[in-house]
1. In what sequence, largest accessible area first, do A:E14, A:E203, A:E138 appear using a 1.4 Å probe?
2. B:E89 label point, 7 Å along Cα→Cβ, cut-off 14 Å on backbone N: hits in segment B:128-156?
3. How much of the DSSP beta bridge set in segment B:157-290 is antiparallel, as a percent to the nearest 5?
4. What is the Rg over Rh value, at two decimals, for segment B:51-141, using alpha-carbon atoms and the Kirkwood definition of Rh?
5. For chain B, how many pairs of lysine residues have a Cα-Cα distance under 19 Å, where the two are 8 or more positions apart or belong to different chains?
6. For chain A, calculate the relative contact order in percent as a whole number, restricting contacts to Cα pairs under 8 Å that are 6 or more residues apart.
7. Using the crude model of +1 on Lys and Arg Cβ and -1 on Asp and Glu Cβ, and no other charge, please compute the dipole size for segment B:1-129 relative to its Cα centre, in debye to 20.
8. If all Cα-Cα distances of segment A:78-192 are sorted into 5 Å bins from 0 onward, what percent lands in each bin, rounded to whole numbers?
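The values are calculated or read from the model by the stated rules, or taken from the named source; none is laboratory data. What you see is a predicted model; the values in this text were computed from it and never measured. Cβ coordinates were reconstructed from backbone atoms using ideal geometry, including for glycine residues, and neighbour counts include every protein chain displayed. Areas reflect the complete protein model, heavy atoms only, side chains present, ligands, DNA and RNA absent. Shrake-Rupley method; radii C 1.70, N 1.55, O 1.52, S 1.80 Å.
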Protein chains: 2
Amino acid sequence: MSADECPACIPGFEIGHAHDLEALTGCTVVLAPEGAVCGVDVRGSAPGTRETDLLDPSNLVEKVHAVLLAGGSAFGLDAAAGVSRWLEERGYGFETGFAKVPIVPGAVLYDLALGRPDRRPDAAMGYAACEDARHRSEGRSDVPLEGNVGAGAGASVGKLLGPFQATKTGVGATFLAGAGGLVVGAAVAVNAFGDVRDPVTGEIVAGTRNPTGGWLDTTAALTGGSGETPFGLGRNTTIGVVVTNATLSKAQARKVAQMAHDGLALTISPVHTMFDGDAIFTMGSGRLNTPVEVSVIGTLAVRAVAGAVVRAATTAGPAGGLPAAAG
Amino acid sequence: MSADECPACIPGFEIGHAHDLEALTGCTVVLAPEGAVCGVDVRGSAPGTRETDLLDPSNLVEKVHAVLLAGGSAFGLDAAAGVSRWLEERGYGFETGFAKVPIVPGAVLYDLALGRPDRRPDAAMGYAACEDARHRSEGRSDVPLEGNVGAGAGASVGKLLGPFQATKTGVGATFLAGAGGLVVGAAVAVNAFGDVRDPVTGEIVAGTRNPTGGWLDTTAALTGGSGETPFGLGRNTTIGVVVTNATLSKAQARKVAQMAHDGLALTISPVHTMFDGDAIFTMGSGRLNTPVEVSVIGTLAVRAVAGAVVRAATTAGPAGGLPAAAG
């Protein structure tokens, strides 16, 4: 199943982007208008998030209506206002008796070093991403699904020598079919401190560019170096959403999100550092009624996330003065 | 130290409100423009929050620049955009090299049953609350500190018989002086499912109004009843901020927030139910250099929160068809 087909792969979900390619920032929304069970695992140390507490399995609200991924650092959380408005205008949300309240968890990444730091995702951009998602589900979006789009518009990897020896990355997506009608997909905006590596060959796909040419191996430099590395402060983060048609409880959705982080471990080196805010959400539509062992879903999620990370590197184009893996 | 004096009590903090008294909603901001170490404890089960993950002691960002409390259910989180803008315009925020990013955790409460559910706190209201905070710190705010203000504009307690047998509450504040120059204060917006009780006498101060007159004891009704109670779904929440001039680590700030919830246990009956989203933040300015045992700060926080809860009941006025404890 190719990524090009994915928008139609999992009924109940719609994915859309909006971005400002001059400012090099944007946002990506995964809509689940009828609601999806959701879990999150935040494993980076510089997270920017909203509505993640309600995802605790011991808490009340069972379903979310969208997940937002955005650039713009903490400013980008504002895009959720537009997602909420789009959903409310169409009657989607958690029924509270006096209003339907759309539940929109989200996470942001730091892309202020590229493009214009003064323009960030806002409510209008969040709304536009929802429009794109609806258009895409109707087969009439002209925004690519992957590359320099949405939350990945200003993303890059390989920051050991600072933001300007990095390599441009973006959003990648991978959808996998399991047995019995199970589908698991992932969309990831890759903006890591470390390098992206091919999980099979171990070779660097995109990372820190050595001023003398070629790649500088970030992990080797860190572990063999003097320790005096010019880490950026909280300037990195990889954020993603795993979607599945499986029927998950909130606790299972969190478990899948936990396992999905292993897809980052397989493809980003190093990852989950103090300077990354890595967060992965999992959304289950529940449209597949047959029970599936949660570890099977998690295992597919690891592969989907790993595939999405590599595609985020290989589909991005150069921008903001940075080259991309594809040239 | 009276609540009237409190705005000047703890240098480094400024508290402000903005509200729409027709819609019966609003927001309250506690500014710490120069940064405050912050922790949070979310103990209710229907929370609406943002930027709480970064408060985990294992995570990077050490200081926040404001905490937002808002009505409007999840919609109210949008007010944080205005708080961020106000801070950014004045050069406050976490230095990232390419922009200062204001860090604004927040929590919301459900007030859509009173007033107009279609008008909620937004970015403009968040900005206005910051303006009020600055005016208050300069002694020229004409907005009362307590009562039907800010995040408490649409708050009420005692929902066992639904939203219209409840009693109007609002925001309360209490500031306490400890030994050696220590000051601990609390501002709480009280919107609980349960009843507010005087922690000394145990008597109900504000709660579910019995249709036949007097108070209906919610805890007694729940524990002695048939179990078929008309709980509202996620329609309640008590949210607050503890502020202190003590020097706290992030882990200590969380510990103080945990203890502070005992102030709710002493004054709201029942509290922390599946239908409350109770969250308390703690902010430490660090201006008191002498070390203070964290449990001392926590113990004062319990008293401050308990005092603030009772004041939230006794300072509120009638609104939205609901009477208040004061008449």
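1. Of A:E14, A:E203, A:E138, the descending order of accessible area is A:E203, A:E138, A:E14.
2. Under 14 Å, as judged by backbone N against the label point of B:E89, lie B:128-135 of segment B:128-156.
3. Counting DSSP beta bridges with both partners in segment B:157-290, the antiparallel share is about 75 percent.
4. Details: Rg = 14.3 Å, Rh = 14.1 Å.
Rounded to two decimals, Rg/Rh equals 1.02.
5. Working: B:K63/B:K100; B:K63/B:K250; B:K63/B:K255; B:K159/B:K168.
Lysine pairs satisfying the spacing and distance rule in chain B number 4.
6. Taking the mean separation of contacting Cα pairs over the length of chain A, I get 24 percent.
7. So the dipole magnitude of segment B:1-129 works out to roughly 180 debye.
8. Histogram of Cα-Cα distances, whole percents per bin: 2, 10, 15, 18, 19, 15, 11, 6, 3, 1, 0.
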